[in-house]
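K.L.:
Here it is, the structure in full.
The values are calculated or read from the model by the stated rules, or taken from the named source; none is laboratory data. Bear in mind the structure is a predicted one, so any value in this text is a computation, not a measurement. Note that each Cβ is placed from the backbone with ideal geometry, even for glycine, and that neighbours are counted across all protein chains shown. In case anyone asks, the SASA skips ligands and DNA or RNA and just uses the protein heavy atoms, side chains included. Shrake-Rupley method; radii C 1.70, N 1.55, O 1.52, S 1.80 Å.
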Amino acid sequence: PPMPPPPLPRSTPPAAIDALHASQLSFFSSGATLPLAFRRAALLSLRSLVTSNEAAICAALRKDLGKAPFEGAITETTVVVDEVDHALRHLAAWTAETAQPSAGVLLPASASVLPSPRGVTLVIGPFNYPVSTLLGPLASALAAGDTAVLKPSELCPETSRLFAELVPRYFDEELVGVVEGEIPETTRLMEKEWGLVFFTGSERVAKIIGVSAAKTLSPMVLELGGKSPCIITKNHPELKAMCDRIAWGKTINAGQTCVAPDYLLVQEDVADDVVAGLKSSLRSMFGDDVKKSVFSRNVSEMHTKRLVEMIGDAESLGGTVVCGGAATADIPGRYFEPTIILNPPKSSRVLTEEIFGCVLPVVTYKTDADAAAYVRGMRGTPLAFYVFTRSDAAFRKFLDACPSGGAVMNDVLVHFATITIPF
């Protein structure tokens with residue numbers, strides 16, 4: 001159905017923000033969050049919040065991002081439940097004091113490491129996965145014995161409003177509270193001192209948040225995005241399976257995924273087959289009329305217009321659209337069809353900016369060394385790196401040549417679901 005216009009975001013008054021921070025600071029100082037029994041109970045409350053309200057959460061995601069219910073479940077609610085269950089299984093080990101060797105000259109003294117909570121924490125969530133990237137860090141905060149203030153994205157007003165209503169039903173505000181709003185409310189929050197600020201979002205906003213956090217010496221975790229490459233070698237795996245995986249990874253959440261393949265480097269001898277395979281995968285996934293399928297929507301008209309402008313820029317510089325394109329866009333409806341553009345120049349916006357939408361540049365290369373050099377020549381270290389090849393040795397060479405936050409051989413995105421390794 002057509003996407004309705006989003007409601008206006010709500011805002012939390014400045015005095016309420018101040019009172020919330022003060023109440024959490026007092027509660028944490030009381031030591032109430034330290035016992036493992038308290039932490040387990042808090043984690044179980046979070047689990048119940050998600051499992052008991054999954055339908056309402058998925059309905060809010062549908063309104064904000066056009067996500068089909070099954071996509072909301074597998075990319076949002078299930079992820080949070082897995083985080084909670086993982087924390088419950090490992091809570092005792094994570095919080096245990098561990099003995100360490102002591103210098104011989106200090107004997108008979110002993111040494112140990114004792115994990116301790118950080119205190120009052122702030123979680124600032126993004127719009128693209130407004131549930132898992134907000135409640136996932138909350139699970140870690142509760143496991144650590146922290147209190148938490150949640151700041152949902154104002155670009156997803158339905159999800160933000162739902163959390164503002166649900167969280168007080170499951171948590172006292174002195175343990176977990178929600179602040180709604182836009183720049184003024186975030187600015188007010190960042191004037192406070194925090195035990196930890198967990199921010200997920202863009203590099204541009206992270207620089208602003210980082211400067212504010214430095215003024216109060218609040219430590220930070222920054223989970224940003226970037227240009228995540230996907231290399232397809234001549235010796236690639238079975239074509240259909242490979243193209244299905246790449247098409248799925250690029251189109252889920254309408255491409256608004258920080259670890260989505262941002263651009264494809266394809267060995268030139270197999271480029272035509274790969275492009276044809278990707279187009280076939282898209283047809284099988286969404287049919288001939290993508291707009292009537294389960295394909296998600298962009299978060300706003302502004303983000304949709306940006307994709308139209310990026311494609312126009314790439315075409316004007318010599319790139320060739322082979323699938324989708326700006327002509328099919330519906331800016332008021334926040335719809336931009338999955339688009340493949342072949343060999344845009346390296347100076348084009350689709351190769352100099354993080355796309356964060358369903359546009360896939362395909363660039364051909366001659367040798368593996370050329371592909372590695374191309375990745376190294378892009379600005380910044382990729383958050384994710386994908387290589388499709390039958391050769392373990394080739395994969396290892398790419399790993400050595402191209403550092404990244406996480407790397408996967410012959411698939412995309414799946415490492416995000418592996419909660420036993422760092423994201």
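K.L.:
Just name one of PHE163, ALA99, LEU88: the one whose Cα is farthest towards the positive end of the charge dipole of the range 31-174 (beta-carbon charges, Lys/Arg +1, Asp/Glu -1).
P.N.:
Among PHE163, ALA99, LEU88, the one farthest towards the positive end of the dipole of the range 31-174 is ALA99.
K.L.:
Ignoring any ligand, DNA or RNA, what whole percent of the accessible area of the chain comes from carbon and sulfur when the probe is 1.4 angstrom?
P.N.:
Result for the chain: 58 percent of the exposed heavy-atom area is carbon or sulfur.
K.L.:
Loop only per DSSP, at most 15 neighbouring Cβ atoms within 10 Å: give me the GluC sites (Glu not before Pro) in the range 66-108, ordered by residue number.
P.N.:
Sparse-neighbourhood loop GluC sites (Glu not before Pro): GLU97.
K.L.:
Treating only the Cβ of Lys, Arg, Asp and Glu as charged (+1, +1, -1, -1), what charge dipole size does the range 354-409 show about its Cα centre? Round to the nearest 20 debye.
P.N.:
60
K.L.:
Now for a separate question. Which is farthest toward the positive dipole end of the range 172-270 among GLY225, VAL205, LEU175, measuring Cα position about the Cα centre, with Cβ charges +1 (Lys, Arg) and -1 (Asp, Glu)?
P.N.:
With unit charges placed on the Cβ atoms, the residue in question is GLY225.
K.L.:
Got the relative contact order for the chain handy, in percent, Cα pairs under 8 Å and 6 or more residues apart?
P.N.:
For the chain, the relative contact order is 15 percent.
K.L.:
Would you calculate the separation in nanometres between label points at MET285 and ASP272, each defined as 7 Å from the Cα along the Cα-to-beta-carbon direction?
P.N.:
In this crude spin-label approximation the distance works out to 2.5 nm.
K.L.:
Among the listed pairs LYS63/LYS250; LYS279/LYS397; LYS366/LYS397, give every one whose C-alpha distance is greater than 24 Å.
P.N.:
Among LYS63/LYS250; LYS279/LYS397; LYS366/LYS397, the Cα-Cα distance tops 24 Å for LYS279/LYS397.
K.L.:
For a paramagnetic label modelled at 7 Å from the Cα of LYS366 toward its Cβ, which residues of the range 220-247 fall within the zone defined by backbone nitrogen distances under 17 Å?
P.N.:
What the label zone holds, given the 17 Å backbone N cut-off, is 234.
K.L.:
In addition: Quick check: the angle from helix 239-251's long axis to the longest principal axis of the chain, C-alpha only, nearest 10 degrees?
P.N.:
50
K.L.:
Return the aspartates and glutamates within reach of LYS240: Cα separation strictly under 19 angstrom, same-chain partners fewer than 8 residues apart disregarded; answer none if there are no such residues.
P.N.:
Within the straight-line limit of under 19 Å, LYS240 reaches these aspartates and glutamates: GLU268, ASP269, ASP272, ASP273, ASP288, ASP411.
K.L.:
At 222 nm, what helix-only mean residue ellipticity would the chain give, in deg cm²/dmol to the nearest 500, using -39500 (n - 2.57) for each DSSP H run of four or more?
P.N.:
Only helices count here, giving -13500 deg cm²/dmol.
K.L.:
If I compute Rg and Dmax of the Cα atoms in Å from the structure I just sent, which labelled value in (i) 23.3, 81; (ii) 21.9, 69; (iii) 23.0, 76 lines up?
P.N.:
Calculated Rg and Dmax of the Cα atoms in Å: the matching label is (iii).
K.L.:
Find the accessible area per residue for the range 288-423; the probe is 1.4 Å, ligands and nucleic acids are left out, and the unit is Å².
P.N.:
I get 46 Å² per residue for this part.
K.L.:
OK, next. Give me the 1.4 Å probe accessible area per residue for the range 133-280, excluding ligands and nucleic acids, in Å².
P.N.:
Roughly 36 Å² per residue, with all protein chains present.
K.L.:
Compute, for the chain, the length of the dipole vector about the Cα centre, with Cβ point charges of +1 (Lys, Arg) and -1 (Asp, Glu) only. Units Debye, rounded to 20.
P.N.:
180
K.L.:
Along the charge dipole of the chain, which of GLY380, SER153, ALA19 sits closest to the positive end, that is, farthest toward it, with unit charges on the beta carbon of Lys, Arg, Asp and Glu (+1, +1, -1, -1)?
P.N.:
The listed residue farthest towards the positive side: GLY380.
K.L.:
Further question: Under a point-charge model restricted to the Cβ atoms of Lys and Arg (+1) and Asp and Glu (-1), what is the dipole moment magnitude of the range 104-184 relative to its Cα centre, in debye to the nearest 20?
P.N.:
The dipole magnitude comes to about 320 debye.
K.L.:
How would you rank 178-191, 220-233, 243-256, highest first, on the average number of other Cβ atoms within 10 Å across their residues?
P.N.:
243-256, 220-233, 178-191
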